[in-house]
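The structure under discussion appears below in the form of structure tokens.
Readers should treat all values here as calculations from the given coordinates under stated rules, not as data from a laboratory. Worth saying up front: this structure is predicted, and the values here are computed from it rather than measured. Neighbour counts run over all protein chains shown; Cβ positions are idealised from the backbone, glycine included.
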């Protein structure tokens with residue numbers, strides 16, 4: 001039972017990270033109907049920027065962890081958002097009226113570019129970072145097994161919750177959010193009614209990238225390592241999460257993220273750690289076959 | 001969501017208004033600022049493990065300045081030449097030029113084939129060229145196999161390398177455990193891979209294009225992870241070693257009695273096997289090509305192309321799209337599997353390392369660059385890409401970067417690939433190629 005609780009905590013933490021990435025997939029899919037294959041790599045870029053920014057801050061003498069973390073968060077969100085904007089501007093916008101598979105192929109190309117760019121610029125080796133936030137609470141202890149809730153896990157989950165609240169507010173209450181919802185319903189009609197769709201789509205990518213960069217920072221804090229390849233696997237899993245929750249639905253993305261995080265953690269804990277990725281990918285296939293609209297998604301009507 | 005038609009090319013000419021100098025400078029400065037933001041942390045600073053094992057930051061501001069400078073100059077020239085509009089690099093061949101190109105194109109195929117047949121004669125003493133030729137032909141075959149799925153049937157398959165892996169492991173396991181010969185395993189590997197193609201195809205048929213792409217990607221990764229972790233069967237990361245080499249229809253390539261050289265009264269030379277492998281993969285690739293060309297003329301091939309153009313219309317006309325998709329998957333997978341068993345016998349050693357997603361992306365890039373659906377385009381693309389990699393060998397670390405860039409650039413400027421026009425398979429009075437701008441790929 002204690003083991004179960006511990007895995008539950010770990011799973012929720014991991015799921016929060018996936019949820020943050022999944023939001024980027026689901027928003028972009030909702031608005032322009034494309035799978036942003038490079039989104040996982042944007043997450044990786046965010047993690048790298050955070051790592052380098054943190055080391056640079058330490059080098060220039062900012063050693064107070066809360067201040068450094070806050071600055072890193074701002075820097076990484078801003079710069080990763082710039083990456084999101086650039087990718088959309090160069091690789092996707094010219095293809096908005098092309099045939100359906102063109103943006104996807106372009107996105108695969110972009111994903112390859114980002115991965116190799118980071119590999120060339122920063123090397124292929126795994127980059128370790130000593131733990132920044134230590135300590136935690138012991139929730140339960142029985143015999144020799146203790147259930148730990150570490151401060152990092154608290155930070156990850158709380159940050160996710162704050163960002164989600166902020167983001168839901170943005171979508172529900174602001175002008176930009178209204179434009180985004182309008183574009184999601186009907187891109188052409190929205191543009192006829194005076195919504196600047198280029199700007200709205202750009203901002204969607206920017207926000208998605210900023211959230212992915214936060215996920216990158218959380219990943220860095222939680223695991224203490226990044227390498228240029230983490231974006232691929234995390235990206236596919238987050239996409240699975242978005243599909244599982246129902247693509248196009250924001251609460252669905254978070255729910256899907258949590259479920260994928262839990263499935264992966266429990267699979268590793270109770271079955272085999274080697275096959276944890278197989279479990280996550282199998283979930284994707286099974287969901288698409290039996291529940292193609294996801295848990296909270298709306299069925300898509302095919303129009304001729 | 002319904003997409004509009006691609007804008008007709010002459011619209012591009014009116015949009016390329018140039019900017020005055022001051023505005024161009026402003027654009028360039030803006031671009032340089034963005035580049036500074038993008039590159040400051042990732043290029044301007046470098047992390048490396050210091051003497052204590054902890055990461056250290058070193059600065060690399062010269063590279064950063066170079067990158068920002070390049071972006072500034074590039075953006076400035078772009079603004080002067082093209083303004084804010086798209087860069088109008090010949091989006092399509094002019095209509096009047098298309099027949100001439102088509103006529104020239106008719107001679108490219110035979111010329112390439114003739115050259116391929118002569119390679120072992122011309123370069124008999126150059127082992128390097130022969131090995132490169134075998135590599136290129138393997139990718140030509142894989143490209144043609146994937147072309148059936150992506151180019152003809154319009155199903156984006158991101159896990160093609162899985163079938164290549166199935167073929168390779170089928171041959172490796174059957175020959176090392178049961179001693180079956182290469183010539184028995186070759187069709188068996190094809191059949192097994194086709195079986196896997198159907199197995200994968202069956203559940204995912206209901207999915208639309210981009211979902212299908214992700215599922216095939218997941219499938220490819222699952223196969224690789226299973227190969228990596230099922231240590232008892234596949235040897236895990238160590239792979240399978242000492243896979244039997246192929247024989248010349250029963251005559252092994254060995255020195256002495258009973259070998260190939262002795263049987264034909266030749267002096268033994270290890271080059272014989274390489275030349276044989278070269279002609280073997282050439283023959284396999286040509287069979288793939290021939291089958292594809294014949295299939296295009298059969299009802300099933302027509303159904304593939306109809307499905308690519310518009311799946312709903314296709315269903316309305318009473319075509320069974322389930323069977324159509326399954327056969328496309330199975331055919332593509334079969335050729336992938338055969339290529340895989342060739343790969344296994346050539347290398348003599350296989351491991352999951354050879355079947356990563358990057359390989360799928362490379363094969364897909366070949367198909368995409370070559371022009372989806374064009375046989376000759378795929379062959380040229382494979383030659384250009386793999387030949388290019390060899391030419392710029394010192395720049396090895398940049399090659400993936402270049403081909404990611406090529407995929408994006410091709411999609412933007414020539415979304416139909418380098419050979420973009422389509423040959424109609426049925427025509428009324430005269431055979432005319434359909435220019436790229438008039439071809440719209442369906443939403444299937």
Report task. Could you tell me how many degrees, from 0 to 90 and to the nearest 10, lie between the Cα long axis of helix A:197-223 and the main elongation axis, the longest principal axis, of the Cα atoms of chain A? Result -> 10 degrees
Report summary line: The base-10 log of I(q)/I(0) that the Debye equation returns for the stretch B:218-370 at q = 0.12, 0.15, 0.21 Å⁻¹, one scatterer per C-alpha, is -0.75, -1.00, -1.30
Report task. Taking only the C-alpha atoms, wrap a convex hull around the stretch B:249-327 and report its volume per residue in Å³ as a whole number. Result -> 113 Å³
Query raised in the report: Going by how many other beta carbons lie within 10 Å of each one, how would you line up B:325, A:142, A:127, fewest first?
Result: A:142, A:127, B:325
Requested in this report: Take A:97, B:272 and order them by how many other Cβ atoms sit within 10 Å, fewest up front.
Outcome: A:97, B:272
Report summary line: Taking every residue of B:307-317, the Cβ atoms of other protein chains inside 10 Å of its Cβ average out to 1
Report summary line: Taking Cα atoms only, helix A:65-87 is inclined relative to the longest principal axis of chain A by an angle, in degrees rounded to 10, of 30 degrees
Query - the stretch B:116-438, Cα convex hull volume normalised per residue, Å³ - result: 154 Å³
Report summary line: In deg cm²/dmol, rounded to the nearest 500, the helical mean residue ellipticity at 222 nm of the protein assembly as shown, built from -39500 (n - 2.57) for every DSSP H run of length 4 or more, is -22500 deg cm²/dmol
Report summary line: Proxy exposure order for B:230, A:267 (fewest C-beta within 10 Å first) is B:230, A:267
Report summary line: Taking only the alpha-carbon atoms of chain A, the convex hull volume per residue, in cubic angstrom, is 145 Å³
Query - Descending principal axes extents, the stretch B:318-397, alpha-carbon based, whole Å - result: 55, 30, 19
**Report entry** Estimated Rh, the stretch B:184-289: Kirkwood, alpha-carbon pairs, angstrom
**Finding:** 17.5 Å
Report task. Please list B:67-80, B:348-361, A:249-262 highest first by mean number of surrounding beta-carbon atoms within 10 Å per residue. Result -> A:249-262, B:348-361, B:67-80
Report task. Starting from the Kirkwood radius over alpha-carbon pairs of the stretch A:170-295, derive D by Stokes-Einstein at 20 °C in a medium of 1.002 mPa s and give it in µm² s⁻¹. Result -> 131 µm²/s
Query - Cα-based Rg / Dmax (Å) for the stretch B:105-217 - result: 17.6, 53
Query - Partner chain coverage, peptide B:35-48 - average Cβ within 10 angstrom - result: 6
Query - Kirkwood Rh, Cα atoms: Rg over Rh of the stretch B:204-266 - result: 1.35
Query - Kirkwood Rh, Cα atoms: Rg over Rh of the stretch A:214-280 - result: 0.98
Report task. Consider a paramagnetic label point 7 Å from the Cα of residue B:104 along Cα→Cβ; state which residues of the stretch B:354-392 have an amide N under 15 Å from it. Result -> B:377
Query raised in the report: For residue A:154 and residue B:59, what does the FRET efficiency come to when R0 = 45 Å and r is the distance between their Cβ atoms, rounded to the nearest 0.05?
Result: 0.80
Query raised in the report: Taking the Cα atoms of the stretch A:11-125, what is the range of coordinates along each of the three principal axes, in descending order and whole Å?
Result: 52, 34, 24
Query raised in the report: Could you work out Rg/(2.2 N^0.38 Å) for the protein assembly as shown, with Rg from alpha carbons only?
Result: 0.99
Report task. Could you work out how far helix A:230-245 tilts from the main Cα principal axis of chain A, as a 0 to 90 degree angle to the nearest 10? Result -> 70 degrees
Query raised in the report: Semi-axes of the equivalent ellipsoid of the stretch B:17-82: what are they in whole Å, largest first, if each equals the square root of 5 times a C-alpha gyration tensor eigenvalue?
Result: 35, 8, 7
